[in-house]
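To start, the structure under review is shown below, and the notes come after it.
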Amino acid sequence: HDNVRSGNATNESTISTSNVNNLHLRWSTVVDGSVTTQPLYVHSVLIGGQTRDIAIVGTAGNTLYALDANSGGVIWSRNFGAPTPNNWAIPDGFGIEAPPVIDRATNRVYTVSTDGLFRTLSLTDGTDAAPAFAMVVNPITNKVWGGLNKLDNYVYVATASNGGDVAPWRGQVYQVDVSATPKLVGDFVVVPSIPAPNGGGGIWGYGGVSADPTTGNIYAASADDSNVSTGGTEGYTPYSDSILALNANAGLLGYYQAPQPSQYGCSDSPCDLDFASTPVIFQPTGCPTMLAAGNKNGNLYSFRASDLIAS
């Protein structure tokens, strides 16, 4: 819902506890693949002299759709080529699995296609508003799962594996400057101590990274590392299985690593104990800025952001 990934729509005035049971299907539209992206709603966009409400939807078919939010009609669609072949995690192939981000000031949509290209599209017709550029390293096996997040002039993009942990792959956070022609200006590798094709440390949370508008700091939650030379044994070298604090330029400020077994094979149970969520930034009345994120070990971790930065 916002940079801090709160999901808390405090300005909602239409839906309430008294009328939510009246919600019903208004329309449906068939698209070219499964949808894991959160649809994005855009109010009052001027297109061809007509003001329209739009829903932006990405699909496993590697297509981005702009649908009329009131009728479901296709306003425009843009396909970026064949999806990456399917695996056990994504049965119909990997296309655009992460929600894009919309810049209303420039009427642009930023997204990453399955070939690892960062794309800048016109919100009104889907054409290129700026040249696409190659961003994700080894895009066949490194994929974007979490929503893109824009804070000020930067868009932040996080990666994990293709879902099947096929080497070479490693979690990364990319920083793209969109103040003019978009360009890559920062890059954080979660497990720099493990050389390719090993790595891991994927950032799987569907919210991508969270961003604090007050400080500009970026927060991510990573998964365990992965050593293919030992049969996929997973462990937790720095900064895997951690909540990470980065500055606006994707530089590490601090981290917290969840306690767990030192290593185990994926044939064992549990297969992994990753952080697979996006940290939520919040500030209760009278309290400092806080963070919370869940781990597959069944625990929810919450602490002061300043403590994470100092660690």
Dimensionless Rg ratio for the range 63-115, taking C-alpha atoms and the 2.2 N^0.38 Å reference: 1.32
Highest-MSF residue in the chain out of Asn247, Asn153, Asn162 [GNM, Cα springs under 10 Å]: Asn153
Residue of Ala98, Ala245, Ala130 that the Gaussian network model of the chain assigns the largest fluctuation, springs spanning Cα pairs under 10 Å: Ala130
Sites Tyr41 and Thr106, calculated FRET efficiency, Cβ-Cβ separation with R0 25 Å, nearest 0.05: 0.85
Whole-Å semi-axes of the range 1-98's equivalent ellipsoid (Cα gyration tensor): 27, 19, 14
Where the Cα pairs of the chain fall when distances are cut into 10 Å bins, in %: 6, 27, 33, 24, 9, 1, 0
Length added when fully stretched, Thr285-Leu23, from 0.36 nm per residue minus Cα-Cα: 91.0 nm
Residues of the range 71-187: accessible area per residue with a 1.4 Å probe, Å²: 36 Å²
Unit charges on C-beta of K, R, D, E only; dipole of the range 92-234, Debye: 240 debye
Separation of the Ala196 and Ser306 label points, Cα + 7 Å toward Cβ, nm: 4.1 nm
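Within the chain, what whole-number % of the accessible surface is contributed by carbon and sulfur, with the 1.4 Å probe and all protein chains included in the calculation?
53 percent
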Rg in Å to one decimal, and Dmax rounded to a whole Å, for the range 120-231 via C-alpha atoms: 14.9, 50
Calculated [θ] (222 nm, deg cm²/dmol) that DSSP helices of n ≥ 4 give over the chain, each run adding -39,500 (n - 2.57): -500 deg cm²/dmol
Where trypsin sites (Lys or Arg not before Pro) fall in DSSP loop in the range 94-158, at most 12 other Cβ within 10 Å: Arg104
Dipole-positive endmost among Asn107, Tyr65, Ala245 within the chain (Cβ charges, Cα centre): Asn107
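The values are calculated or read from the model by the stated rules, or taken from the named source; none is laboratory data. The model shown is predicted, which means the values in this text are computed figures rather than measured ones. Note: ideal-geometry Cβ built from the backbone for every residue, glycine included; neighbour counts use all protein chains shown. Quick note on the areas: whole protein, heavy atoms, side chains included, nothing else; ligands and nucleic acids left out. Shrake-Rupley method; radii C 1.70, N 1.55, O 1.52, S 1.80 Å.
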